[in-house]
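The values are calculated or read from the model by the stated rules, or taken from the named source; none is laboratory data. These figures come from a predicted structure and were not determined experimentally. As a convention, Cβ positions derive from the backbone with ideal geometry for all residues, glycine included, and neighbour counts pool all protein chains shown.
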């Protein structure tokens, strides 16, 4: 079943309910299962909220992934602590992971296609994640705290990170690679087992 | 822990703010946040404090609920204050020599910046919490649907987005309960979710997530069949039991906020 957001045809009830419920799982995973990665700044956290996004976009096409991310972040917006900025950044990074991955998988429905797609997704998410930090999150937080100085202070503990640029290169970028890889790995393992159920009908 | 998931933090009430139209509240909250990041002058912070205090008073939300919303922010609030306090250069008014070239200094500018930044962060949280404290998630969803309606012409499916949000909100407690149940079922079979290193804990998630997804898909398809058998066909010509109506209250609120913004902006320009 294909969905196309741009067509004026009404989205089918099946698409609506699947996207809604997958977004629900996504919100739960975002709230319950997040943990910091060892050796990384503690506020950079991995959560599994993008696993349902990837599974949805693999099973029902890239548009589904887009919709799930949108709903997930709209709901998260109801509890926002950052005036929507954090949700905007999450939206962009999640899309950048799911879209390339599902577009490639749609063309090549094989294990190889899935792996290639996810690699593309990891690269895109790292890129977009780093840019989102540079242009959205850092300007936002520096309105409230002297980030430059905090990072200079960090330089005393970890000589690699002592400015915004080095923070992006040695902090945010590797974090996004790890995060995207964990999510992709999880999806690989899960999708194989779940796809039988999805496509059985 | 899963049972504790709450979406939004709605406190039912009959106050002026509660009765405002959800659309108006969403838009005004955005204006509030934007203006919060524009202001810079101390006098404007003072006005903003009065304005926020007035909002909190008008909403009649018990102050405890607002403080509860601040609790998760406690760390970042104090962290920000301390960093600003000690790391701002300027006229030293207090210093403490530690070792060698290391010393702690508090400057006059540091105090000012620490207080102002703290207020900014505080009001950001209070402003957004006030919206969710006085508006139920479903009203917010309706508000989002209405606000997105003008974009229908360029292909934004506003009704469908709201419907999916409603479904997600409706099923989050159900899914959370389900997750809990699966967790207990797997624990009864000897699964261990709590101990071990990260890799082991991640692996433990698989027997939890597979049944969760499978049952979620089943639920989704059941719901879709139920909707279709009741002739669901999208948002066109669909009527509502409760129509959203903007009243004189919304006009007053809009006028007050606009006036307030103008005063702040004029202050910024003059000073």
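Residue A:184 passes every criterion in (1) assigned to a helix (DSSP H, G or I); (2) surrounded by 14 or more Cβ atoms within 10 Å (Cβ to Cβ); (3) within 10 Å of chain B (Cβ to nearest Cβ) apart from (3). The set of residues in region B:61-91 that are away from every other protein chain (no Cβ under 12 Å), more than 20 Å from residue A:152 (Cα to Cα) and in contact with a helix residue (DSSP H, G or I) (Cβ under 8 Å, 6 or more places away or on another chain) comprises B:61, B:63, B:65, B:66, B:91.
Conditions tested, residue by residue: (1) part of a strand (DSSP E or B); (2) surrounded by 15 or more Cβ atoms within 10 Å (Cβ to Cβ); (3) free of Cβ contacts under 8 Å to residues at least 60 places away in the same chain.
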residue	(1), (2), (3)
B:55	no, yes, no
B:61	no, yes, no
B:77	no, yes, yes
B:89	no, no, yes
B:93	yes, no, yes
B:105	yes, yes, yes
B:114	no, yes, yes
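Residues considered: A:149, A:192, A:134. Of these, the only one that is assigned to a helix (DSSP H, G or I) and away from chain B (no Cβ under 14 Å) is A:134.
Output the residues belonging to region B:130-159 that are facing another protein chain (nearest Cβ under 7 Å), assigned to a helix (DSSP H, G or I) and surrounded by fewer than 23 Cβ atoms within 10 Å (Cβ to Cβ). Across region B:130-159, the qualifying residues are B:132, B:137, B:144. Checked against the criterion of being modelled with pLDDT of 70 or more and more than 10 Å from chain B (Cβ to nearest Cβ), the candidates A:178, A:198 yield just one match: A:178. Report yes if residue B:225 is facing another protein chain (nearest Cβ under 10 Å) and part of a helix (DSSP H, G or I), otherwise no. In short, yes. Summed over region B:178-194, the residues that are closer than 13 Å to residue B:209 by Cβ and assigned to a helix (DSSP H, G or I) give a count of 5. Out of A:60, A:43, A:39, one residue alone is at the interface with another protein chain (Cβ under 9 Å from one of its Cβ atoms), modelled with pLDDT under 90 and either in contact with a helix residue (DSSP H, G or I) (Cβ under 8 Å, 6 or more places away or on another chain) or surrounded by fewer than 16 Cβ atoms within 10 Å (Cβ to Cβ) (or both). It is A:43.
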